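This report concerns only the one structure given below.
The values are calculated or read from the model by the stated rules, or taken from the named source; none is laboratory data. All values reported here derive from a predicted model rather than from experimental measurement. Glycine also receives a Cβ, built like all others from the backbone with ideal geometry; neighbour counts cover every protein chain displayed. The accessibility values were calculated without ligands, DNA or RNA, using every heavy atom of the protein model including side chains. Shrake-Rupley method; radii C 1.70, N 1.55, O 1.52, S 1.80 Å.
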Amino acid sequence: MFLQNNTITAEMGGWELFSNSLLPMLSGAIQYTIPLTLISFVGGLILALILAMMRLSKTRIIQLPSIIFVSAIRGTPLLVQLFIIFYGLPNIGVNLDPFISAVIAFILNVGAYGSEIIRASILSIPKGQWEAAHTIGMSRWTALRRIILPQAARVSVPPLSNSFISLVKDTSLASLVLVAELFRKAQEIAARTYDFLLLYVEAALIYWVICFILSLVQVVIEKRLNRYVAR
């Protein structure tokens, strides 16, 4: 059972404070940071694929919304977007839960940046792959699904993995809209004990461990996708 923050006091020594604050921070990571990251990344990837396909369309009217959306999201700070969704939308009668607000903001960001990664990965596949698929009677959609996207997936894994790891760290911004994730827990404990350095370093170490584990997963995924690469 996780320790409650109110059991942690300013009288605690360094190691005692470190050990007692570990579980509440891990609780914030398990309950909010990790779910927020996973939901946002999966939703963002779906949006990214849609935007990439729109951008690759030969029809200008289909390309334009994707171009404008990506430009708007990449051209404005994530923190500002988060504040607009959580603090700004209530002015027009749209009140969202803090967690939902954070998910929406992160999905929009992953979608915008991820769409450019996916688009570039698809364009990096040699045209000969398309031509070979058409030669054996595949339609454009079938070629895209069975030939192009599996190869593009391998190319896009490293940059998308970097985006995923960055998203883990970006979830700390959700603390500013009252989501009780890892960093929010660290802030709450630090405000009670005034030992900001120790607690923020501890939070940084937890983020580091999570990101290190994800980097190992990235290596495994890359190896599994190597079989789809034309050599």
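Rolling a 1.4 angstrom probe over the chain with all protein chains present gives an accessible area of which 67% lies on carbon and sulfur atoms. Evaluated with a Cβ-only charge set (Lys, Arg +1; Asp, Glu -1), region 112-192 carries a dipole of roughly 160 debye about its Cα centre, given to the nearest 20. Contact order, relative form, for region 1-135: 32 percent (alpha carbon pairs under 8 Å, 6 or more residues apart, mean separation divided by residue count). With respect to the chain, whose longest principal axis is taken over its alpha-carbon atoms, helix 149-170 is tilted by about 20°. Taking the Cβ of residue 116 as the centre, find all other residues whose Cβ is under 15 Å away and add up their charges (Lys, Arg: +1; Asp, Glu: -1). Within the 15 Å Cβ shell, the charges total +3. Taken over the chain, the convex hull of the Cα atoms encloses 150 Å³ per residue. For the chain, the mean residue ellipticity at 222 nm estimated from helices alone is -23500 deg cm²/dmol, where every DSSP H run of n ≥ 4 contributes -39500 (n - 2.57) and the total is divided by all residues, rounded to the nearest 500. Think of each Lys and Arg Cβ as +1 and each Asp and Glu Cβ as -1; about the Cα centre, that makes the dipole of the chain roughly 1560 debye. Computed from Cα positions, the angle between helix 196-225 and the longest principal axis of the chain comes to roughly 20 degrees.
Helix 60-74 and the longest principal axis of the Cα set of the chain meet at an angle near 20°.
Counting only protein heavy atoms and a 1.4 Å probe, the chain has 55 square angstrom of accessible area per residue.
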